[in-house]
Amino acid sequence: MTSYSKEVLGDLAAGKLPWPQTRRIMSAYKDDDRFFKMVAVYQDRVAWKDPILLPVSDHLFICQSGDERITRCECGHSFGDYRKNWKLKAAIIVRNTEEALREIYPNSDIPDPQWMEIREFICPECGTMHEVEAAAPGYPIVHDFEPDLEGFYREWLGKPL
Amino acid sequence: MLDKPASALRLRERLIESERLMEETGCYDGITELHLRNQDPLKFETLHTKLRAYCVSAREMARRISASPGVREVGEMVVAIYTPEGDAIALSNGIMVHVHTMSRFIKWMIKNNYEENPQIREGDIFANNDAFIGTVQVPDVMDVVPIFHEGTLVGWAGAVCHELEAGGITPGGDVCLAQERFTEGLFVCAEKIGENDEIRRDYVIRCERNLRMPIYWVLDEKAKVASCIDMRESVKQLISEIGLDYWMKVSKEFIEEGRRAQLARTRQLTVPGIYRGHTFYGHVTAGKPGFQLLGDPDWLYNIPIEMEITTDGKITMDFEGTQPWGYHSMNCTPAGMDGGMFVTLTQHMNFEGLVNDGAWMATELKLPHGTWTNPDNEMVATATSWALLLPAYGVFQRLLSRGFVARGFVEEAFVGQVNSPMIEMGGESQYGTPFGMAHFECAAAGSGALAIADGLDTAYVGWNPESDMGNIEVWEQSMPMVYIGRSIVPNSGGAGKYRGGCSFVSTWLINKTSHLRLHTSEHSSRVFDNGGMCGGYPAPTCQKHRAVRNSNIHELAAKGEPLAHAPGIDPHVSDYEKNIGGDHVLVEGPYITLPHKSGDIFSHSYNGGGGYGDALERDPIKSAWDVENGYLTREAATQVFGIVLKDDADGYPLADIDATVERRAAMRKQRLAKAIPVSDWIDAERSRVEKADFAPEVKKMYASAIKLSSRFTKDFSEFWTVDAKSIFMPGAKP
């Protein structure tokens with residue numbers, strides 16, 4: 001069975017693995033022990049102790065915090081119950097003018113702000129940009145991901161939460 | 001009529017029986033055990049590898065017969081081998097989107113009783129390019145031939161080429177001006193076009209008299225038929241070695257194995273749950289010559305997707321909430337939607353094991369009736385379906401990638417595909433003859449970023465994993481334009497920790513013609529039709545066209561004056577305007593205008609992909625390299641990525657790491673100072689929503705989505721705590 005060390009997976013996640021090695025991992029049969037090893041890599045990366053249950057973005061994790069399961073930023077900021085849309089507890093910058101769009105696209109043709117805006121969802125504590133939505137004005141904020149956490153652990157990982 | 005059917009059942013009954021067995025057992029053709037695989041796994045795998053080799057080899061041979069640079073140079077072709085019921089067993093590389101659309105075509109003929117009339121006999125050749133029967137768009141012309149073994153129908157061999165000219169209202173293959181079926185070009189609707197391995201002369205005459213450039217289509221037909229015959233003979237030889245009974249069983253086990261492998265791969269690589277995303281497409285045609293006012297000239301489409309992965313590994317994609325079909329060329333049939341799903345799965349999940357129709361069987365598409373994904377009117381045009389398909393399946397790629405990231409397989413996460421607008425042309429060639437062509441260098445856009453690396457520069461399109469832009473010299477042989485520039489578009493990859501792949505822009509001098517019609521398709525206006533992921537930005541995908549009529553380029557060249565080879569990096573004044581005299585033109589959206597002539601200049605840019613992760617985490621050294629090599633401007637490096645650059649002794653950019661760290665810390669502080677809580681933003685924005693204070697096209701989009709979807713209405717109303725119906729459809733019944 002294919003398997004990689006935690007160090008190799010840590011470098012892979014950090015984009016530090018040399019490309020030929022990365023390429024071999026991409027082409028090889030997948031390693032069935034990946035999930036828990038990768039969770040261990042992320043657990044080492046964060047300063048907090050709550051056990052990570054699922055990574056959901058580059059710096060966002062669902063973790064067990066006491067009796068609750070919450071979405072937490074790598075910096076430690078809590079976005080609350082993991083079943084709720086974390087974006088609703090984030091800070092936001094909306095780019096809906098030519099001037100604001102031009103800051104991100106200084107040398108390109110830009111969208112018409114009457115038709116499209118950019119919404120930047122930011123951690124209110126550390127300022128990390130967790131997600132960017134490009135949407136028509138008035139479009140409801142998307143709830144990107146509602147994992148079936150119980151089903152995942154019970155039926156796919158064989159390890160109840 | 002079949003001489004000796006494979007079973008007592010006729011094909012049509014056999015197909016219905018196969019579907020019933022799938023329904024009853026959940027397994028393809030009722031195959032609940034993979035007996036042959038279990039008996040001799042090595043023989044099983046070896047046979048499938050042989051079939052795949054037949055396909056790859058037949059396609060490569062056929063490409064040498066074609067005259068079309070689209071097929072020869074860019075590889076716009078795919079071939080596959082099917083069961084008698086029309087399910088793909090094995091396929092080649094190339095435009096794999098069509099493996100499943102061809103399956104629909106074969107099934108359509110069977111269901112429409114082709115056994116009786118026009119009959120299915122050894123040596124027959126059937127062709128189709130009708131998307132409601134089974135293809136994506138008119139230029140995707142497919143040929144299939146039945147495979148008989150000692151008088152028994154044992155399968156089909158099929159091939160598709162994308163034609164560069166389809167004889168529509170505007171020249172080229174992707175007929176951008178088609179607003180209903182009758183302007184899309186030459187239709188071949190599940191037609192028997194040949195017998196005894198020979199294409200009928202009357203069919204060739206029809207092609208010759210209805211196409212602007214029949215040499216492409218006709219020689220592609222010959223290439224396809226040759227590849228089909230090649231595969232057919234290989235399969236017949238194989239059957240004589242392994243026996244008919246084994247073939248009939250193993251070919252179906254291959255498909256059931258493919259179905260199981262797809263389910264297993266989903267369980268291995270993703271996380272069950274509900275995934276959501278959306279993208280948009282803007283179309284601007286008001287005042288442009290040729291467009292009939294059959295509907296709104298300018299419109300905005302939303303493309304929301306909800307994907308569910310269940311714990312048994314099934315993936316369901318639901319397009320509820322999207323827009324109705326329209327009088328434009330961008331509608332898509334369920335066959336095209338299937339094809340998009342299939343080609344995406346082959347790239348992301350079927351990278352090992354047996355690749356065939358089994359993967360498609362492990363998924364489900366929910367395509368709301370009456371929308372552009374499933375029109376309730378078969379007269380609609382689908383000539384440029386890719387305009388909406390590519391953004392839609394880019395969303396699918398991001399949704400899947402969310403699952404890969406969650407599962408820890410970061411190396412598989414991919415921000416996805418983008419639209420790659422195409423140029424269509426026709427008129428008088430450089431040889432003084434009539435011509436028509438689609439320029440297929442668009443088959444090499446930038447890709448979305450990966451979660452661990454930048455996207456591919458000028459090397460990816462969703463419909464053909466074997467991306468290629470073709471050589472300049474080859475394209476120049478086929479059109480009355482010569483290149484004066486082909487270069488990377490700076491900043492065309494979306495910003496992020498890993499940037500999206502960059503695209504390129506071409507600039508041409510129109511040459512040796514007095515009449516060149518130039519049109520473009522699949523070109524979104526006013527909105528991004530792609531997205532970033534995990535904090536990355538979308539790529540700028542609403543580029544305008546720049547052209548110069550009556551240019552003074554020959555005078556400049558004679559004097560040795562500098563020319564312009566690309567639009568440059570000032571969005572307000574192009575390098576063409578700075579360096580070249582003449583009548584400068586700026587066109588938003590599809591380029592449809594008066595014919596060009598020698599001495600004019602035309603430029604066209606393609607799209608890059610979206611970024612991944614927070615741009616302030618971008619490796620400054622990589623960005624310095626990007627600036628040095630023209631992938632990024634200094635301006636963007638500083639203001640988007642927060643990178644402070646200095647010059648080395650030779651004037652090359654170097655990242656000042658300490659100053660960058662300091663600048664980024666300041667930028668994060670600025671972000672926090674500028675940002676407001678989302679709840680505050682929602683409260684403030686609600687009053688705008690209540691007043692429907694939006695552009696007319698945005699309001700129309702909401703009204704259409706609300707009319708077609710109760711779920712969209714409910715979600716919209718609940719999010720803003722408003723009554724969406726009364727806002728956007730005043731007067732409608734509650």
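Cross-link partners of residue B:691 among aspartates and glutamates, defined as those whose alpha carbon lies under 12 angstrom from its own and excluding same-chain residues fewer than eight positions apart: B:723. Are any of the pairs B:512/B:544; A:89/B:707; A:84/B:669; B:43/B:236 more than 29 Å apart by Cα-Cα distance, and if so, which? From B:512/B:544; A:89/B:707; A:84/B:669; B:43/B:236, over 29 Å: A:89/B:707. Placing +1 on the Cβ of every Lys and Arg and -1 on the Cβ of every Asp and Glu, with no other charges, gives the protein assembly as shown a dipole of roughly 700 debye about its Cα centre. Proximity of backbone amide H atoms, modeled 1.01 Å from N, is registered between residue B:90 and B:81 at under 5 Å, excluding neighbours fewer than 5 places apart on the same chain.
Can you give me the Kirkwood hydrodynamic radius for the stretch A:1-45, using every pair of distinct Cα atoms, in Å to one decimal?
On the way: mean 1/r = 0.0935 Å⁻¹.
Kirkwood hydrodynamic radius for the stretch A:1-45: 10.7 Å.
Computed over the stretch B:676-732, relative contact order equals 33 percent, with contacts defined as Cα pairs under 8 Å that lie 6+ residues apart. Between amide H atoms placed 1.01 Å from N, distances below 5 Å from residue B:364 occur with B:315, B:316, B:317, all of them 5 or more places distant or on a separate chain.
Over the stretch B:615-668, Cα pairs under 8 Å with separation of 6+ residues give a relative contact order of 34 percent. Our coupling estimate for the stretch B:612-626, obtained by passing each phi through the Karplus curve with A = 6.51, B = -1.76, C = 1.60 and θ = phi - 60°, is 10, x, 5, 4, 6, 9, 4, 4, x, 5, 5, 5, 4, 5, 4 Hz, Gly and Pro reported as x.
In loop segments of the stretch B:144-200 as defined by DSSP, the GluC sites (Glu not before Pro) with at most 14 further C-beta atoms inside 10 Å of their C-beta are B:150. Determine the relative contact order of the stretch A:1-45: mean sequence separation of Cα pairs under 8 Å and six or more apart, normalised by residue count, in whole percent. Answer for the stretch A:1-45 is 61 percent. Here the residues B:671, B:486, ranked from fewest to most Cβ neighbours within 10 Å of their Cβ, fall in the order B:486, B:671.
What separates the Cα centres of the stretch B:524-558 and the stretch B:684-721 is a distance of 31 Å. Along each principal axis, taking the top coordinate minus the bottom one, the Cα set of the stretch B:117-200 gives 48, 23, 21 Å in descending order. Scalar couplings 3J(HN,Hα) for the stretch B:509-519, obtained by applying the Karplus form with A = 6.51, B = -1.76, C = 1.60 to θ = phi - 60°, are 9, 6, 9, 6, 8, 9, 8, 10, 8, 10, 9 Hz; x denotes Gly and Pro.
In terms of other Cβ atoms within 10 Å, B:652, B:327, B:393, B:591 run from fewest to most in the order B:652, B:327, B:591, B:393.
Where does chain B land at 222 nm, in deg cm²/dmol rounded to the nearest 500, when only DSSP H runs of n ≥ 4 count, each adding -39500 (n - 2.57), divided by all residues? Could you put the intermediate results ahead of the total?
Working: 22 runs with 266 residues, N = 734.
Dividing the helical sum by the residues of chain B leaves -11500 deg cm²/dmol.
Pairs spanning more than 26 Å between alpha-carbon atoms, out of B:288/B:597; B:222/B:252; B:559/B:597; B:249/B:366: B:222/B:252; B:249/B:366. The distance between label points at residue A:98 and residue B:196 comes to 6.9 nm (points 7 Å beyond Cα on the Cα→Cβ vector). Reported value for the stretch B:615-668: 63 Å³ per residue, from the convex hull of its C-alpha atoms.
Overall shape of chain B was characterised from the C-alpha gyration tensor. The equivalent ellipsoid obtained from it has semi-axes of 42, 32, 26 Å, in decreasing order. Taking only the C-alpha atoms of the stretch B:519-584, the Rg (one decimal) and the largest Cα-Cα distance, Dmax (whole number), read 16.1, 52 Å.
So what's the back-of-envelope 222 nm ellipticity for chain A, counting only DSSP H runs of four-plus at -39500 (n - 2.57) apiece and dividing by all residues, rounded to 500? Using -39500 (n - 2.57) per qualifying helix, the result is -6500 deg cm²/dmol.
Using θ = phi - 60° in the Karplus curve 6.51 cos²θ - 1.76 cosθ + 1.60, the 3J(HN,Hα) couplings for the stretch B:705-717 round to 5, 5, 5, 8, 9, 6, 5, 4, 4, 5, 4, 5, 4 Hz; x is entered for Gly and Pro. Distance between the C-alpha centres of the stretch B:337-365 and the stretch B:74-142: 17 Å, rounded to the whole angstrom. For residue B:687, the shell of other residues with beta-carbons less than 15 Å away shows a net charge of -3, using +1 for Lys and Arg and -1 for Asp and Glu.
Taking amide hydrogens as placed 1.01 Å from N in the peptide plane, the amide H of residue B:330 sits under 5 Å from those of B:384, each at least 5 positions away in sequence or on another chain.
With the convex hull drawn around the C-alpha atoms of the stretch B:415-613, the volume per residue stands at 112 Å³.
Which chymotrypsin sites (Phe, Trp or Tyr not before Pro) in the stretch B:408-513 sit in a loop by DSSP (not H, G, I, E or B) and have at most 12 other Cβ atoms within 10 Å of their own Cβ? Write down the numbers at each step before the final one.
Details: sites: B:409, B:414, B:431, B:435, B:440, B:460, B:463, B:475, B:483, B:498, B:504, B:508; in loops: B:409, B:431, B:463.
Here the sparse-neighbourhood loop sites are B:431.
Based on other C-beta atoms within 10 Å, arrange B:682, B:255, A:110 from fewest to most.
B:682, A:110, B:255
Let a ≥ b ≥ c be the square roots of the eigenvalues of the Cα gyration tensor of the protein assembly as shown; is it rounded (a/c under 1.5), or, if not, prolate (a/b larger than b/c) or oblate? It is oblate, given that a/c is not under 1.5 and a/b is not larger than b/c.
Laboratory data are not the source of any read-out in this text; all were calculated from the coordinates shown. Remember, predicted model here, so these are calculated numbers, not experimental data. Virtual Cβ from ideal backbone geometry, glycine too; neighbours counted across all protein chains shown.
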